[in-house]
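Undergrad: Please find one structure pasted underneath; my questions will follow.
The values are calculated or read from the model by the stated rules, or taken from the named source; none is laboratory data. These numbers come from a predicted model, not from an experiment. Cβ atoms come from the backbone with ideal geometry, glycine included; neighbour counts cover every protein chain shown. Remember, those area values only see protein heavy atoms, side chains included, never the ligands or the DNA or RNA. Shrake-Rupley method; radii C 1.70, N 1.55, O 1.52, S 1.80 Å.
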Amino acid sequence: MSKDILHIGQIKYAGADSDQALSFKHYNPAELVDGKTLKEHLRFSIAYWHSFRGTGSDPFGVGTISRPWERGRDAVSVALKRADVAFEFFRKIEAPFYCFHDRDIAPEGRTLRESNRNLDRVVAHLKQLQRATGVKLLWGTANLFTNPRYMCGAATNPDAQVFAYAAAQVKKALEVTKELGGENYVFWGGREGYETLLNTDLKREQAHLAAFMHLAVDYAKQIGFQGQFLIEPKPKEPTKHQYDFDVASGIAFLKTFGLDRHFKFNIETNHATLAGHTFQHEIEVAAAVGLLGSIDANTGDTLLGWDTDQFNTDVKELTLAMIAILRAGGLGRGGFNFDAKLRRPSIDLEDLFHAHIGGMDTYALAFKLARRILKEGKFEKFVADRYATFDIGYGKDIEKGKSSFKTLEQIAFKLGEPKPRSGRQEYLENLLNSYLHRG
């Protein structure tokens with residue numbers, strides 16, 4: 001493994017009062033919380049595509065970011081050098097995991113066989129780097145959206161040949177994810193949707209998508225892949241109407257096609273807000289049915305209408321999200337993957353460190369605040385009191401399915417008009433702020 005290509009030292013914990021810019025203020029990886037280190041609790045992951053393939057391009061301009069290790073005539077040799085740099089960064093930033101699409105780590109060849117050979121060469125190198133650093137693969141996935149062959153989708157493409165090509169690509173991606181010890185495998189249907197119903201058989205496309213996922217589940221069993229399958233909802237962009245619009249529609253899809261036993265959700269903050277929801281809402285919806293799997297840690301810009309994938313430094317938003325996650329029992333084999341990219345003018349290598357430090361610190365602070373809030377139980381008690389009438393008498397009968405309209409009618413006649421009770425939202429918002437301001 002190459003040493004000190006980045007020329008920036010190990011990022012260390014310096015504490016909240018430190019004025020060292022390149023240091024952690026709240027994320028102390030070695031800090032013990034309930035017998036586990038903070039590093040083990042938060043399971044941070046670096047997105048290979050943004051951090052090491054991102055160029056600063058956007059819909060209106062070419063890339064602005066140029067890295068010295070990207071120079072070279074042989075694409076595979078460049079990919080191997082890039083992997084060395086990536087693992088140096090993972091180690092220096094104290095991230096225990098990383099994530100990738102197949103085409104992030106190895107170049108696509110002129111044929112599928114050549115693409116697979118390229119992938120094999122890079123995967124062998126990644127395996128060595130994982131062994132040398134202890135960094136693990138949180139999840140792998142296949143890029144089924146960049147190449148023009150997927151302009152009308154992959155599993156939902158109207159051409160069966162494209163479906164077959166996509167299946168072959170996912171087959172290989174599953175194999176390399178298993179080879180690298182990946183703990184999850186993600187489906188992000190970047191183009192699994194439609195632009196217009198004038199040329200679309202919606203029912204057929206959704207059935208094809210379900211069949212594709214069943215094939216993946218079957219093949220995972222054949223090769224002994226024990227990882228968790230995750231589906232990542234997104235409402236739009238690039239496709240106008242995607243079939244995995246949000247968690248709720250994803251649950252309906254999974255249950256309709258008998259896939260809910262095999263899949264959980266990888267929830268992205270920016271995708272939640274693009275769907276018109278809060279991040280916390282999407283977490284709660286998934287957790288309510290036991291399908292919360294993992295998090296793509298980013299945010300969007302409320303003044304922009306596209307997926308800007310920014311690093312999230314909103315303590316309030318992340319504290320509410322952490323409360324929901326901790327209340328659900330955590331993420332299990334999932335983690336917090338920084339699916340976030342540098343802003344277009346942030347072209348220095350140091351900016352990549354600052355971005356991840358900010359994100360990791362904010363999530364660590366939110367984690368600590370959420371634990372304190374849940375431990376003190378003030379919000380939990382308020383909610384429990386608000387629903388207390390369902391814990392006794394006829395309210396309890398309603399929840400246990402022992403009521404009928406007739407019996408409830410008699411109760412309504414007897415008790416008369418219900419007395420309104422305040423939801424006390426303003427008090428609760430002030431209470432939340434009291435925690436946030438204490439830090």
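Undergrad: Using only the C-alpha atoms of the chain, find the volume of their convex hull and express it per residue in Å³.
TA: 185
Undergrad: Tell me the relative contact order for region 1-102 as a rounded percent, counting alpha carbon contacts under 8 Å between residues six or more apart.
TA: 32
Undergrad: Moving to a separate point now. Based on the mean of other beta carbon atoms within 10 Å per residue, what is the order of 418-424, 37-43, most packed first?
TA: Final packing ranking: 37-43, 418-424.
Undergrad: Applying the Karplus parametrisation 6.51 cos²θ - 1.76 cosθ + 1.60 with θ = phi - 60° to the phi angles of region 397-413, what ³J(HN,Hα) value in whole Hz is obtained for each residue in order, glycine and proline being reported as x?
TA: My calculation for region 397-413 gives 4, 4, 5, 8, x, 9, 9, 9, 4, 5, 5, 5, 5, 5, 5, 4, 4 Hz in order.
Undergrad: Given charges of +1 on the Cβ of Lys and Arg and -1 on the Cβ of Asp and Glu, with all other atoms neutral, how large is the dipole of the chain about its Cα centre, in debye to the nearest 20?
TA: 900
Undergrad: Sticking with this structure for a sec: Quick query: amide H of Gly109 versus all other amide H atoms, modeled in the peptide plane; which residues come in under 5 Å with a sequence gap of 5 or more or a different chain?
TA: Correct list: Ser115.
Undergrad: Where does each of 338-346, 159-167, 95-103, 110-118 land if you order them by average Cβ count within 10 Å, highest first?
TA: Highest to lowest by the protection proxy: 95-103, 338-346, 159-167, 110-118.
Undergrad: Still on this structure, please answer the following. Only helical DSSP H runs with n ≥ 4 go in: add -39500 (n - 2.57) per run for the chain, normalise by residue count and round the 222 nm mean residue ellipticity to 500 deg cm²/dmol.
TA: Taken over the chain, the calculation gives -14500 deg cm²/dmol.
Undergrad: Run the simple label-point estimate for Leu349 and Ile411 please: 7 Å along Cα→C-beta, distance reported in nm.
TA: Computed distance between label sites Leu349 and Ile411 equals 6.8 nm.
Undergrad: Can you grab the distance from the C-alpha centre of region 411-439 to the C-alpha centre of region 228-262, Å, no decimals?
TA: Region 411-439 and region 228-262 have Cα centres spaced 34 Å from each other.
Undergrad: Let me ask something else. When the chain is modelled as a GNM with alpha-carbon springs shorter than 10 Å, which of Thr389, Thr141, Thr156 fluctuates the most?
TA: Taking springs between Cα atoms under 10 Å, the residue moving most is Thr389.
Undergrad: Quick one: check the C-alpha center-to-center distance for region 122-139 versus region 3-19, whole angstrom.
TA: After rounding, the separation between the Cα centres reads 23 Å.
Undergrad: On to the next question. Using Stokes-Einstein with the Kirkwood hydrodynamic radius over Cα pairs, what translational diffusion coefficient do you get for region 74-172 at 37 °C and a viscosity of 0.692 mPa s, in µm²/s rounded to a whole number?
TA: Rounded to a whole number, D works out at 226 µm²/s.
Undergrad: Then there is this: Ratio of alpha-carbon Rg to the 2.2 N^0.38 Å globular estimate for region 1-124, to two decimals, please.
TA: Cα-based Rg divided by the globular estimate yields 1.26.
Undergrad: Using a Gaussian network model of the chain with C-alpha springs under 10 Å, which one of Phe353, Phe382, Phe253 is most mobile by mean-square fluctuation?
TA: Phe382
Undergrad: Enumerate by residue number the trypsin sites (Lys or Arg not before Pro) in region 170-242 meeting two conditions: DSSP loop (anything except H, G, I, E, B), and at most 15 other Cβ atoms within 10 Å of the site's Cβ.
TA: Counting only loop positions with at most 15 other Cβ atoms within 10 Å, the trypsin sites (Lys or Arg not before Pro) in region 170-242 are Lys240.
Undergrad: What is the dipole size for region 164-241, taken about its Cα centre, with +1 at each Lys and Arg Cβ and -1 at each Asp and Glu Cβ, in debye to the nearest 20?
TA: Result for region 164-241 is approximately 100 debye, rounded to the nearest 20.
Undergrad: Around Val33, which amide H atoms from residues at least 5 apart in sequence, or from another chain, sit under 5 Å from its own amide H, with H modelled in the peptide plane?
TA: Leu38
Undergrad: Order the following by accessible area, largest value first: His437, His281, His262. Probe radius 1.4 Å; ligands, DNA and RNA are ignored.
TA: His437, His281, His262
Undergrad: Work out the P(r) tail for region 260-387: percent of alpha carbon pairs separated by more than 17 Å, whole number.
TA: Cα-Cα pairs in region 260-387 separated by more than 17 Å: 60 percent.
Undergrad: Here is a follow-up. Under 28 Å from the Cα of Lys236, which lysines turn up, not counting those fewer than eight places away in the same chain?
TA: In chain and number order, the partners are Lys171, Lys172, Lys203, Lys255, Lys264, Lys316, Lys341.
Undergrad: Taking H placed 1.01 Å from N in the peptide plane, check which residues at least 5 places from Asp244 or on another chain put their amide H under 5 Å from its amide H.
TA: Amide H neighbours of Asp244: Lys234.
Undergrad: A follow-up question, please. Between beta-carbons, use under 12 Å as the cut-off and find the net charge around Gly332, counting Lys and Arg +1, Asp and Glu -1.
TA: Result for the local shell: +2.
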